[in-house]
Amino acid sequence: MTLPLLAVLILTYVFILTPRINDYPRVEEYEADIFGLNAARQPDAEAELDLKLADYRKLDLSPLEEFLFYDHPSGRARIYAAMRWKAEHVRKLGNRE
């Protein structure tokens, strides 16, 4: 009786903590995307890649769905970040884009 109860308690604890556990890699992935944009300086290529990944991964998640179930940023969030990066660095890009 004790072992099944312990298993249920541990599973419940992990289920409740899953959004917080997923938060760390999601932030790391976002920071890696920004690092890649700073290194490659190709925000349009990043956005194109994210659109291609939408073939097997849901592109537009609700914020709640992303928070609860995903450990990577959604495609929408990645495209938005790339376009925001582009808007902030448009002068530095010059004629490249």
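Quick note: the coordinates plus some simple rules give every number you see, no bench work behind them. In this text, all values refer to a predicted model and were calculated from it rather than measured experimentally. We place every Cβ from the backbone using ideal geometry, glycine too, and count neighbours over all the protein chains shown.
Translational diffusion of the chain, estimated by Stokes-Einstein from the Kirkwood radius over alpha carbon pairs at 20 °C in a medium of 1.002 mPa s, is 139 µm² per second.
Loop-located chymotrypsin sites (Phe, Trp or Tyr not before Pro) in the chain (DSSP state not H, G, I, E or B) with no more than 10 neighbouring Cβ atoms inside 10 Å: TYR56.
Helix-only arithmetic for the chain: the sum of -39500 (n - 2.57) across DSSP H runs with n ≥ 4, divided by the residue total, places the mean residue ellipticity at 222 nm at -25500 deg cm²/dmol.
Tell me the label-point distance for the pair TYR30, PHE69, using the 7 Å Cα-to-Cβ offset, in nm and rounded to one decimal. About 2.0 nm, to one decimal.
In order along region 12-23, the phi-based Karplus estimate (6.51 cos²θ - 1.76 cosθ + 1.60, θ = phi - 60°) of 3J(HN,Hα) comes to 5, 4, 5, 4, 5, 7, 3, x, 6, 5, 6, 5 Hz; Gly and Pro are listed as x. Sequence-ordered 3J(HN,Hα) estimates for region 36-52 from the Karplus curve with 6.51, -1.76 and 1.60 and θ = phi - 60° stand at x, 5, 5, 7, 8, 6, 10, x, 5, 5, 4, 5, 4, 4, 5, 5, 5 Hz, glycine and proline given as x. Phi angles of region 76-86 translate, via the Karplus equation with coefficients 6.51, -1.76, 1.60 and θ = phi - 60°, into HN-Hα couplings of 4, 5, 5, 5, 4, 5, 5, 6, 5, 4, 4 Hz per residue; Gly and Pro are given as x. At q = 0.14, 0.17, 0.18 Å⁻¹ the log10 of I(q)/I(0) for region 1-53 amounts to -0.57, -0.67, -0.70, computed by Debye summation with a single uniform scatterer per C-alpha, solvent ignored. Only Lys, Arg, Asp and Glu carry charge here, each on its Cβ (+1 for the first two, -1 for the last two); on that basis region 18-90 has a dipole of about 100 debye about its Cα centre.
The mean sequence distance of close C-alpha pairs (under 8 Å, at least 6 residues apart), as a share of the length of region 17-97, puts its relative contact order at 44 percent.
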